[in-house]
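Trainee: Take a look at this one; I'll ask things after.
The values are calculated or read from the model by the stated rules, or taken from the named source; none is laboratory data. Since this is a predicted model, take the numbers as computed values, not measurements. With ideal geometry, Cβ positions are generated from the backbone for all residues, glycine too; neighbour counts draw on all protein chains shown.
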Amino acid sequence: MLPLQINESLSVRLFEPAHAQLLLDLILQNREHLDRWLRWSGRIKTLEDAQMLIDSASERYLAGNGFHAGMWLDGQLVGGIACHNINRDSSKSEIGYWLDEQFTGRGLVTLACSAVITRLFRDEHLHRIEIQAAADNVRSCAVAERLGFQFEGIKRESEWITDSFRDHALYSLLDREWTSQVFGA
Ligand SMILES: CC(C)(COP(=O)(O)OP(=O)(O)OC[C@H]1O[C@@H](n2cnc3c(N)ncnc32)[C@H](O)[C@@H]1OP(=O)(O)O)[C@@H](O)C(=O)NCCC(=O)NCCS
């Protein structure tokens with residue numbers, strides 16, 4: 001299902017071992033912006049950590065169990081998009097996303113998610129896709145809502161983020177609800 005060329009500038013491509021330094025640098029530059037909300041970014045502190053993340057993402061993709069890929073704008077790494085835990089019995093999965101803070105506010109994640117969702121429904125034959133965001137992560141909840149996900153409720157203290165358990169808002173989208181909307185960049 002990857003790579004995805006979304007428009008002439010934006011693509012979603014799997015990380016390769018050679019991207020470890022780029023990935024680490026982006027995470028270090030966005031330490032507070034990411035660690036405040038993400039389950040995994042706080043663990044990425046060294047080049048080896050970034051390499052391990054890339055290796056495990058690549059294994060996951062090869063095993064047909066989702067991905068964590070880079071979002072590239074005109075050849076520059078600007079963030080990531082992930083599909084976690086594909087449950088084949090119930091044809092469902094969860095997506096997540098993150099951006100370099102400098103590239104927020106342009107609709108890039110909404111656009112990339114839109115293309116990824118179309119592929120997940122079409123190529124992976126999923127029935128349901130979830131987004132879970134910390135309940136006070138207004139920008140992430142806005143992405144889910146902009147994409148047409150329905151709010152299902154709050155999961156109390158459901159995720160350990162950096163230093164505390166956080167309440168999470170659960171959103172879902174069903175295949176029949178997705179109209180392959182294409183958002184302008
Ligand atoms: C969550 C996160 C990815 C959202 O980033 P974002 O830039 O707000 O999301 P998008 O790239 O979809 O851009 C949407 C913004 O661009 C604006 N925009 C501009 N052109 C747009 C277009 N063509 N389409 C959609 N939105 C557009 C929207 O109005 C919105 O801005 P606003 O919130 O000020 O109204 C980002 O805040 C982030 O990386 N946070 C840290 C990590 C994180 O929280 N990840 C999610 C964990 S659940």
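Trainee: Would you be able to say whether some residue in the stretch 73-90 is part of a helix (DSSP H, G or I), closer than 20 Å to residue 15 by Cα and either in contact (Cβ under 8 Å) with a residue 24 or more places away in the chain or not charged (D, E, K, R) (or both)? Full working, then the answer.
Mentor: As a first pass, look at the stretch 73-90 and keep what is part of a helix (DSSP H, G or I): none.
The answer is no, given that none of the residues of the stretch 73-90 is part of a helix (DSSP H, G or I), closer than 20 Å to residue 15 by Cα and either in contact (Cβ under 8 Å) with a residue 24 or more places away in the chain or not charged (D, E, K, R) (or both).
Trainee: I'd like to know if the stretch 9-19 contains one or more residues that are more than 16 Å from the ligand (Cβ to nearest atom), out of contact with any helix residue (DSSP H, G or I) (no Cβ under 7 Å at 6 or more places or on another chain), in a strand (DSSP E or B) and not hydrophobic (A, V, I, L, M, F, W, C).
Mentor: Within the stretch 9-19, one or more residues are more than 16 Å from the ligand (Cβ to nearest atom), out of contact with any helix residue (DSSP H, G or I) (no Cβ under 7 Å at 6 or more places or on another chain), in a strand (DSSP E or B) and not hydrophobic (A, V, I, L, M, F, W, C).
Trainee: Out of the residues in the stretch 106-122 that are within 10 Å of the chain's Cα centre (by Cα) and closer than 12 Å to residue 143 by Cα, state the one that is surrounded by the most Cβ atoms within 10 Å (Cβ to Cβ). First the steps, then the outcome.
Mentor: Going through the stretch 106-122, the residues within 10 Å of the chain's Cα centre (by Cα) turn out to be 109, 112-113, 116.
Of the ones still in play, those that are also closer than 12 Å to residue 143 by Cα are 109, 112-113.
On the way: 109: 24, 112: 28, 113: 25.
Per the stated criteria, the residue is 112.
Trainee: Taking the stretch 135-146, which residues are within 24 Å of residue 91 (Cα to Cα) and in contact (Cβ under 8 Å) with a residue 60 or more places away in the chain?
Mentor: Let us first name the residues in the stretch 135-146 that are within 24 Å of residue 91 (Cα to Cα), namely 140-141, 143-146.
140, the sole residue that qualifies.
Trainee: Here's a check for you: in the stretch 33-64, which residue that is in a loop (DSSP other than H, G, I, E, B) and within 15 Å of the ligand (Cβ to nearest atom) is modelled with the lowest pLDDT? Talk me through it step by step, then tell me what you get.
Mentor: Going residue by residue through the stretch 33-64, those that are in a loop (DSSP other than H, G, I, E, B) are 36-40, 44-46, 63-64.
Those left that are additionally within 15 Å of the ligand (Cβ to nearest atom): 36-40, 44.
Details: 36: 93, 37: 95, 38: 94, 39: 90, 40: 94, 44: 97.
Residue satisfying both the conditions and the ranking: 39.
Trainee: Could you please let me know if residue 163 is more than 10 Å from the ligand (Cβ to nearest atom), over 24 Å from residue 88 (Cβ atoms) and touching a strand residue (DSSP E or B) at 6+ places or on another chain (Cβ under 9 Å)? Lay out the reasoning, then the answer.
Mentor: Details: more than 10 Å from the ligand (Cβ to nearest atom): yes; over 24 Å from residue 88 (Cβ atoms): yes; touching a strand residue (DSSP E or B) at 6+ places or on another chain (Cβ under 9 Å): no.
Here the answer is no, as residue 163 does not meet what is asked.
Trainee: Quick one: which residue in 149, 67, 103 is at pLDDT 95 or above and surrounded by fewer than 19 Cβ atoms within 10 Å (Cβ to Cβ)? I'd like the intermediate steps shown before the answer.
Mentor: On the way: 149 fails: surrounded by fewer than 19 Cβ atoms within 10 Å (Cβ to Cβ); 67 fails: surrounded by fewer than 19 Cβ atoms within 10 Å (Cβ to Cβ).
Residue meeting the stated conditions: 103.
Trainee: Starting from residues that are surrounded by fewer than 19 Cβ atoms within 10 Å (Cβ to Cβ) and away from the ligand (no atom under 12 Å from the Cβ), keep the ones in the stretch 84-97 and report whichever is modelled with the lowest pLDDT. Let's see the steps before the verdict.
Mentor: From the stretch 84-97, those surrounded by fewer than 19 Cβ atoms within 10 Å (Cβ to Cβ) are 84-85, 87-92; that's our starting set.
Now restrict to residues that are away from the ligand (no atom under 12 Å from the Cβ): 85, 87-92.
Details: 85: 83, 87: 94, 88: 94, 89: 95, 90: 96, 91: 97, 92: 97.
Step by step, filter the stretch 84-97, then rank; the result is 85.
Trainee: Enumerate the pairs (first residue in the stretch 14-36 and β-branched (Val, Ile, Thr); second residue anywhere and not in a loop (DSSP other than H, G, I, E, B)) with beta-carbon separation below 6 Å, excluding pairs fewer than 6 apart on the same chain, so at least 6 apart or on different chains.
Mentor: Within 6 Å, the pairs are 27/41.
Trainee: Additional query: If we keep just the residues of the stretch 98-157 that are closer than 20 Å to residue 14 by Cα and part of a loop (DSSP other than H, G, I, E, B), which is farthest from the ligand (Cβ to nearest atom)?
Mentor: Here the residue is 124.
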